[in-house]
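See structure below.
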Amino acid sequence: MRIVLGVAGGIAAYKAALLLRLLREAGHDVRVVPTPAALEFVGAVTWEALSGRPVTTSVFEGADAVEHVRIGREADLVVVAPATADLLARAAAGLADDLLTATLLTATCPVLMAPAMHTEMWHHPATVANVATLRDRGVHVLDPDDGRLTGADSGPGRLPEPEAIAAAALALVEPPAAQDLAGRRVVVSAGGTREPLDPVRFLGNRSSGRQGVAIATDAARRGADVTLVAANVDAALLPDGVEVVTVETTAQLQEAMTERASTADVLVMAAAVADYRPAAVADAKVKKSGDGLTISLVENPDVLAGLVAGARPGQVVVGFAAETGDEHGSVLDHGRAKARRKGADLLAVNAVGAGTGFGDVPNAVVVLDAAGEVVTEASGSKADVARGLLDAVVALLARDADGAAPETSAAPTTLPR
Ligand code: CTP
């Protein structure tokens with residue numbers, strides 16, 4: 001899809017670089033059209049390097065190709081982030097004094113604007129009227145987040161997180177999803193559990209929760225009634241349209257999952273669960289002794305194993321296996337052994353380590369059944385992986401409904417060691 005990313009001149013312009021990367025990773029061709037003021041914040045070189053496309057701001061450049069008309073006409077989607085008070089005003093007035101506003105006048109595709117400005121500007125009657133005008137004309141104007149702004153002030157006016165902007169923008173143009181999980185209850189755990197050592201410290205892990213959030217989001221899009229059990233997931237990443245239960249420790253996550261297991265059709269353990277917790281939690285902050293510190297750990301319960309043991313007939317239980325290869329075997333070898341050991345209906349094996357698996361990076365999984373056979377592979381953005389995994393879940397639910405055997409394939413796999 002051809003996307004125009006308009007960037008107006010505000011401090012939040014740097015966040016548009018992350019948005020650009022998300023849109024590119026989702027497989028789209030993105031052309032960045034900054035306003036001249038935006039280039040005061042992030043230069044053209046950055047946009048050209050990240051988009052792989054030329055960057056112009058003025059209607060007088062590239063005039064031979066009639067760029068000021070062509071870019072808007074050819075776009076499938078226009079996203080403006082950040083949309084400053086000035087940009088909203090010029091767009092509402094129908095001005096065409098730079099390439100971005102000219103593009104907005106010629107675009108016939110869906111347009112989404114993500115405002116960012118100081119709270120006073122957002123609440124000013126002029127901005128309120130401009131936003132109402134744009135919305136009346138069918139432009140999708142997001143509400144800004146409430147939070148820390150430039151300088152010391154905070155309040156409504158913060159640019160929504162790049163993930164939220166990308167999801168809202170792509171939802172405008174994506175064909176409606178097949179409702180193949182309609183009437184199903186799906187419970188997904190996401191994030192990483194934290195085990196307290198004392199009132200200020202914990203043992204934790206690097207999981208951001210993005211993969212679990214993507215699964216919950218896709219399940220909801222496919223019509224499921226979704227609960228997301230979120231262990232220490234950044235609030236900005238939490239999706240709309242799903243019930244969110246926040247937990248911190250493994251014990252809390254286990255309780256939340258087990259409580260909901262009896263009514264769920266699908267249970268997905270995407271959370272990175274701490275295998276161990278401190279044997280004792282100090283009531284007060286542990287002080288330096290000058291002689292090192294030894295922490296005694298006890299093993300946590302295996303939540304996934306408990307869910308598998310208690311699974312009802314027809315219920316689908318999905319686990320994840322975050323693996324690094326080692327001298328004993330490849331990522332997939334360890335994944336197969338874990339699939340047989342854990343007994344989940346599906347186990348999504350992914351390679352983790354430097355630059356893969358955790359955080360805001362693409363993902364790749366091989367999905368195994370309880371016998372360690374390859375069911376499917378999925379790669380790309382975390383949304384792509386979520387879609388591939390849920391396709392396999394839907395196939396299993398259908399098999400259980402028909403009593404037919406699932407398809408497996410021994411396809412060669414592409415995970416690194
Ligand atoms: N898991 C769980 N409870 C635990 C540990 C893991 O439910 N105490 C779940 C995870 O959510 C994931 C799956 O088990 O779905 C595999 O997690 P992983 O950390 O890869 O495996 P472990 O069982 O911890 O095995 P090991 O660390 O020895 O590889």
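For n ≥ 4 DSSP H runs only, could you compute -39500 (n - 2.57) per run for the chain, divide by its residues and tell me the 222 nm figure to the nearest 500?
Details: 13 runs with 139 residues, N = 417.
It lands at -10000 deg cm²/dmol.
For the stretch 178-272, the share of DSSP beta bridges that are antiparallel, to the nearest 5, is 15%. Identify the residues of the stretch 4-35 with backbone N under 18 Å of a label point that sits 7 angstrom from the Cα of Glu48 along the Cα-to-Cβ direction, or state none. Only 5, 7, 17, 30-35 fall inside the zone, counting backbone N under 18 Å. Report, to the nearest 10°, how far helix 125-136 tilts away from the longest principal axis of the Cα atoms in the chain, using its own Cα long axis and a range of 0 to 90°. Helix 125-136 sits at roughly 70 degrees to that axis.
A simple packing score, the average count of other Cβ atoms within 10 Å per residue, orders the peptides 256-266, 304-314 as 256-266, 304-314, with the highest score first. The coefficient of translational diffusion for the stretch 53-140, derived via Stokes-Einstein from the alpha carbon Kirkwood radius under 4 °C and 1.567 mPa s, stands at 96 µm²/s. Remark: the Glu299-Arg2 segment gains 101.9 nm on full extension, using 0.36 nm per residue and subtracting the alpha carbon distance.
Kirkwood radius for the chain, taken over all pairs of different Cα atoms as the inverse mean of 1/r, rounds to 23.5 Å. Take the Cβ atoms of Ala152 and Thr258, set R0 to 45 Å, and the FRET efficiency comes out at 0.50. Counting only DSSP beta bridges with both residues in the chain, the antiparallel share comes to about 35 percent. When you count the other C-beta atoms within 10 angstrom of each residue and take the mean per peptide, 286-293, 99-106 line up highest first as 99-106, 286-293.
In the chain, taking the dipole from charged Cβ atoms about the Cα centre, the farthest positive-side position among Gly241, Ala214, Asn300 is held by Asn300. When the chain is treated as a Gaussian network with alpha carbon springs shorter than 10 Å, the biggest mean-square fluctuation among Glu327, Glu248, Glu25 belongs to Glu327.
Run the numbers for Asp291 and Ala126: contour at 0.36 nm per residue of separation, minus the present Cα-Cα distance, in nm. Please list the in-between numbers first.
Values: separation 165, 0.36 × 165 = 59.40 nm, distance 6.36 nm.
Length gained between Asp291 and Ala126: 53.0 nm.
What's the percent breakdown of Cα-Cα distances in the stretch 119-271 across 5 Å bins, shortest bin first? With a bin width of 5 Å, the distribution comes to 2, 8, 14, 16, 16, 14, 12, 9, 6, 3, 0.
For the stretch 99-160, which whole percent of the accessible surface, found with a 1.4 angstrom probe, sits on carbon and sulfur atoms? Taking all protein chains in place, the stretch 99-160 shows 56 percent carbon and sulfur surface. Potential lengthening of the chain between Arg73 and Thr324 amounts to 85.7 nm, from the contour at 0.36 nm per residue minus the alpha-carbon distance. Highest-first packing order for the peptide set 224-236, 170-182 is 224-236, 170-182, based on the mean count of other beta carbon atoms within 10 Å.
Can you tell me the accessible area per residue over the chain, all protein chains present, probe 1.4 angstrom, in square angstrom?
Ligands and nucleic acids excluded, the result is 46 Å² per residue.
The modelled label-to-label distance between Thr108 and His140, using points 7 Å beyond Cα along the C-beta direction, is 2.0 nm. For the stretch 133-206, with equal point scatterers placed on the C-alpha atoms only and solvent neglected, what are the log10 I(q)/I(0) values from the Debye formula at q = 0.19, 0.20 1/Å, to two decimals? Taking Cα atoms of the stretch 133-206 as identical point scatterers yields -1.05, -1.06.
The values are calculated or read from the model by the stated rules, or taken from the named source; none is laboratory data. These numbers were taken from a predicted model, which means no experiment stands behind them. Virtual Cβ from ideal backbone geometry, glycine too; neighbours counted across all protein chains shown. Heads up: the accessible areas ignore ligands, DNA and RNA and are worked out on the full protein's heavy atoms, side chains in. Shrake-Rupley method; radii C 1.70, N 1.55, O 1.52, S 1.80 Å.
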